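The values are calculated or read from the model by the stated rules, or taken from the named source; none is laboratory data. All values reported here derive from a predicted model rather than from experimental measurement. When we count neighbours, we look across all protein chains shown, and the Cβ atoms used for this are built from the backbone with ideal geometry, even at glycine. Ligands, DNA and RNA are excluded from the accessible area calculation, which covers all protein heavy atoms including side chains. Shrake-Rupley method; radii C 1.70, N 1.55, O 1.52, S 1.80 Å.
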Amino acid sequence: MEANNCFSTNKILELSQFIETNYGIKMPASKKVMLESRLRRRMRQVGYTSIAEYLDFVFSSEGKRHELGNMVDAITTNKTYFFREPKHFDILVAKVIPQIISSGFTPSPLRVWSSACSSGEEPYSIAMMLGELAEDNHRLKFNILASDLCTKVLKKACRAVYNEEEIKDIPLYYRKKYLLKSKESALGLVQVAEHLRNMITFRRINLMADDFGVKKRMHVIFCRNVLIYFQKDQQERLILKFGRQLEPGGFLFIGHSESLVGMNVPFCQVLPTVYQKISEF
Ligand SMILES: C[S@@+](CC[C@H](N)C(=O)[O-])C[C@H]1O[C@@H](n2cnc3c(N)ncnc32)[C@H](O)[C@@H]1O
């Protein structure tokens, strides 16, 4: 490796600290190799040969405007797939939505937030399930807000175009009903049907922000497989903010390897990884 490619311990510490403070993502020493390789890939795309020089650019006033977001995109982990942790989707339609309706919810629409939506597989899975419910009950309307920190995945989510491998976890019934051959169908690509896409608004939201900038309270929030990347105190702060963002009695879904155990937050567990807001905080 060339001398100017040496990624000094100080630089990586500074960068790790910056990422953790601003985006919540833990960057312990064990992730140094991964961080470095992701930065290298991005650095080459923009024509730099040294990480130190690339980082100097990122934190220059021009870089902050034009490159910082791309660097953040490069370091996020966006793994996702349709109907991931499938029980959650059954619980949503069989238990959570009926409970919200029976607790006196009348105003339409019912609001669901997929708060770390990655490339859209999670909110589209939710939309497919809710689309079915809405067919049975025409008065039921849904709005889905889907957000992520990473703009690259959000672009893909908005296009809603997926390949054969990516759609393999979608039950055949939904595939036939909600996926259409895309303009690039020769490449085996499909696109989510327009009426389903119209249920979803995509936005870039940093979950570490003091204020999400979301005016309306939600009935359901999905925050799955992202808490694991955050420090415990940041996780607790985020769950408290979700508490304020939820309607009374609203529900929170977290990932199967995540937990609210030990947190002083206004939620009770209704099922493993499914929580209900119990009070204002
Ligand atoms: C592993 S994916 C999980 C996607 C989906 N929820 C699922 O369970 O399949 C984690 C997502 O969290 C996003 N993320 C990480 N830090 C974030 C932050 N501070 N604010 C918003 N999104 C963040 C990443 O960009 C990534 O797309």
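When the stretch 111-139 is limited to residues that are of a type in the set (A, V, I, L, M) and touching a strand residue (DSSP E or B) at 6+ places or on another chain (Cβ under 7 Å), the one that is surrounded by the fewest Cβ atoms within 10 Å (Cβ to Cβ) turns out to be ALA134. Any residue at all in the stretch 270-278 that is hydroxyl-bearing (Ser, Thr, Tyr) and surrounded by 21 or more Cβ atoms within 10 Å (Cβ to Cβ)? So far as the stretch 270-278 goes, yes, one or more of its residues are hydroxyl-bearing (Ser, Thr, Tyr) and surrounded by 21 or more Cβ atoms within 10 Å (Cβ to Cβ).
Considering each residue of the stretch 69-85, count those that are loosely packed, with under 13 Cβ neighbours inside 10 Å and without any contact (Cβ under 8 Å) to a residue 40 or more places away in the chain, and give that number.
0
Given MET34, MET27, which one is open to solvent by less than 20 Å² (accessible area, probe 1.4 Å) and among the hydrophobic types (A, V, I, L, M, F, W, C)? Answer to the check: MET27.
For the stretch 230-255, give me each residue that is out of contact with any helix residue (DSSP H, G or I) (no Cβ under 9 Å at 6 or more places or on another chain) and not charged (D, E, K, R).
Within the stretch 230-255, LEU240, PHE242, GLY243, GLN245, LEU246, PRO248 meet the criteria.
When the stretch 46-98 is filtered for residues that are small (Gly, Ala, Ser) and closer than 25 Å to PHE253 by Cβ, only ALA94 remains. Contact map, the stretch 220-233: first residue at positive phi, second residue within 8 Å of the ligand (Cβ to nearest atom), Cβ cut-off under 8 Å, separation 6 or more or different chains; pairs are ASN225/LYS79; ASN225/THR80; ASN225/ARG84; ASN225/ALA116; ASN225/GLY255. Restricting the stretch 92-110 to residues that are outside any loop (DSSP other than H, G, I, E, B) and surrounded by fewer than 19 Cβ atoms within 10 Å (Cβ to Cβ), the residue that is farthest from the ligand (Cβ to nearest atom) is SER102. The condition (being modelled with pLDDT of 95 or more, closer than 27 Å to LEU68 by Cα and within 16 Å of the ligand (Cβ to nearest atom)) is satisfied by just one residue among ARG159, ARG84: ARG159.
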